[in-house]
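K.L.:
Below is one structure. I have some questions about it.
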Amino acid sequence: MDPLASASELQSTWSRTANKLKQTIDRTRWATLTLSAIAALLAAVASQVATEHDSWRLRLAVASAVLLGVVSFLSSRLLGGTQVSAWTRMRAASEALKGAIYKYSASAAPFDEQLHAAERFNEERQRIGENIDDLLSLLEPNQGAGSAPTTSFASPSEYIDSRVRKQIAWYEDKAADYAPIAKRLRSIELALSLLAAVVTAAVGVADKNLFGLGFDFVALTSVLTTIGGAILAHIEASRYDFLISSYRATARRLDNELSNASSSFVVPSPEWSSFVEKCETILSTENGAWQAKFGKT
């Protein structure tokens, strides 16, 4: 099989595997956030149930404890360092191979010498693959070539359009997707914190049973604080703010390279290889940055 076609299929498999791992992590984070909020509410309600309804108090308390147990189980099994590391390493390998494929398709260094290009490309592919040998059991089924090119580009404009401009659009779109999610979650957390502060102040002036309602509002502030903390933990774990800033900055850097690019590149040539290298370095730097960021506890 042609080296490009074979590498494109392999990169597609790695990419789908990384997407599957990321999807599991994202769904688990949202599930733990939701279950934590419900558990806090159930615990608060259980503490307010009258003594003559001990059976209901017990049921609510048990339900709260069970949900917290599920949260703990999901967090340890699906959100641990091993799971996150598997995803980031698989994604990093996928992006590294994609970068090599684009360089090879564009006839840019170190694949600009036709006599040795295929040999060097296969060596690079082998080197990248060795970094994830321990993750091969996680691979999704092969479904053919993906978005990476399977043939050499006929002109510089093909690389620029399919790689640089496409990546700029992807980064801008992802940043636009994440921004409202982060803003909405922070607004909810701010509202909960403000409400908790108001209730705490009111309880301090009056007592815990405000307005004669017979409800312990101290327990309510505990619930609000717990849910707010869970939302902040979710925002931090998902790295929304970092991703938005990183994606927008990377899109800007790529756009700057396009603005400075020559309109008459010769392929192959040192000038063309330099341009491709600058673009791929920008992408590689961004990939390394988020891998390091998500690798932190």
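K.L.:
Can you tell me which residues in the stretch 266-297 are aromatic (F, W, Y) and under 16 Å from R163 (Cα atoms)?
P.N.:
Listed by number, the residues that qualify are W272, F275.
K.L.:
Right, next: Within the stretch 95-119, count every residue that is closer than 17 Å to V266 by Cα, out of contact with any Ser or Thr (no Cβ under 6 Å at 6 or more places or on another chain) and not polar (S, T, N, Q).
P.N.:
Summing the residues that are closer than 17 Å to V266 by Cα, out of contact with any Ser or Thr (no Cβ under 6 Å at 6 or more places or on another chain) and not polar (S, T, N, Q) in the stretch 95-119 gives 7.
K.L.:
Continuing with this model, one more query. Report, ordered by the first and then the second residue, all pairs with beta carbons closer than 8 Å, sequence separation of six or more or different chains, a first member in the stretch 93-107 that is at positive phi, and a second member that is in a helix (DSSP H, G or I) and not basic (K, R).
P.N.:
Here the result reads S107/A117; S107/W272, each pair linking the stretch 93-107 to a residue that is in a helix (DSSP H, G or I) and not basic (K, R).
K.L.:
May I ask you to list the residues in the stretch 1-50 that are of a type in the set (D, E, K, R) and in a helix (DSSP H, G or I)?
P.N.:
Once the filter is applied, which keeps residues that are of a type in the set (D, E, K, R) and in a helix (DSSP H, G or I), the stretch 1-50 yields E9, R16, K20, K22, D26, R27, R29.
K.L.:
Taking S36 and the conditions (1) more than 15 Å from A237 (Cβ to Cβ); (2) out of contact with any Phe, Trp or Tyr (no Cβ under 8 Å at 6 or more places or on another chain), which numbered condition does it fall short on, given that it satisfies the others?
P.N.:
(1)
K.L.:
Within the stretch 11-18, does at least one residue satisfy the condition of being farther than 23 Å from I128 by Cα, surrounded by 17 or more Cβ atoms within 10 Å (Cβ to Cβ) and not β-branched (V, I, T)?
P.N.:
Checked the stretch 11-18: no residue is farther than 23 Å from I128 by Cα, surrounded by 17 or more Cβ atoms within 10 Å (Cβ to Cβ) and not β-branched (V, I, T).
K.L.:
Return yes when A93 is surrounded by 13 or more Cβ atoms within 10 Å (Cβ to Cβ) and touching a Phe, Trp or Tyr at 6+ places or on another chain (Cβ under 7 Å) and no when it is not.
P.N.:
Taking the combined requirement at face value, the residue satisfies it.
K.L.:
Considering only helices (runs of 4 or more DSSP H) fully contained in the stretch 216-297, which possess at least 1 residues that are closer than 23 Å to A100 by Cβ?
P.N.:
240-260, 270-294
K.L.:
Here's another thing I want to ask about it. Mind checking which residues of the stretch 20-43 are of a type in the set (A, V, I, L, M) and either farther than 20 Å from S94 by Cβ or free of Cβ contacts under 8 Å to residues at least 24 places away in the same chain (or both)?
P.N.:
Of everything in the stretch 20-43, those that are of a type in the set (A, V, I, L, M) and either farther than 20 Å from S94 by Cβ or free of Cβ contacts under 8 Å to residues at least 24 places away in the same chain (or both) turn out to be A31, L33, L35, A37, I38, A39, A40, L41, L42, A43.
K.L.:
Considering each residue of the stretch 141-184, count those that are in a helix (DSSP H, G or I) and touching a Lys or Arg at 6+ places or on another chain (Cβ under 6 Å), and give that number.
P.N.:
The qualifying residues number 1.
K.L.:
Restricting the search to the stretch 80-120, which residues are of a type in the set (D, E, K, R) and under 19 Å from Q11 (Cα atoms)?
P.N.:
R89, R91, E95, K98, K103, E119, R120
K.L.:
So S76 ticks every box in (1) loosely packed, with under 14 Cβ neighbours inside 10 Å; (2) at pLDDT 95 or above; (3) not acidic (D, E) but one. Which box is left unticked?
P.N.:
Status for S76: all satisfied but (2).
K.L.:
Further, regarding this structure: Hey, among the residues in the stretch 216-248 that are among the polar types (S, T, N, Q) and more than 21 Å from A191 (Cα to Cα), which one's surrounded by the fewest Cβ atoms within 10 Å (Cβ to Cβ)?
P.N.:
Within the stretch 216-248, the match that is surrounded by the fewest Cβ atoms within 10 Å (Cβ to Cβ) is S245.
K.L.:
Separate question: Just checking, how many residues over the stretch 114-140 are outside any helix (DSSP H, G or I) and either in contact (Cβ under 8 Å) with a residue 24 or more places away in the chain or within 27 Å of R165 (Cα to Cα) (or both)?
P.N.:
Result for the stretch 114-140: 5.
K.L.:
Let me ask you something else. Can you name the residue in the stretch 141-161 that is among the small types (G, A, S) and in contact (Cβ under 8 Å) with a residue 24 or more places away in the chain and is also farthest from A96 (Cα to Cα) among such residues?
P.N.:
Out of the qualifying residues, it is S155.
The values are calculated or read from the model by the stated rules, or taken from the named source; none is laboratory data. A quick note: this is a predicted structure, and the numbers were derived from the prediction, not measured. For neighbour counting, all protein chains shown are included, and Cβ atoms are generated from backbone atoms with ideal geometry for every residue, glycine included.
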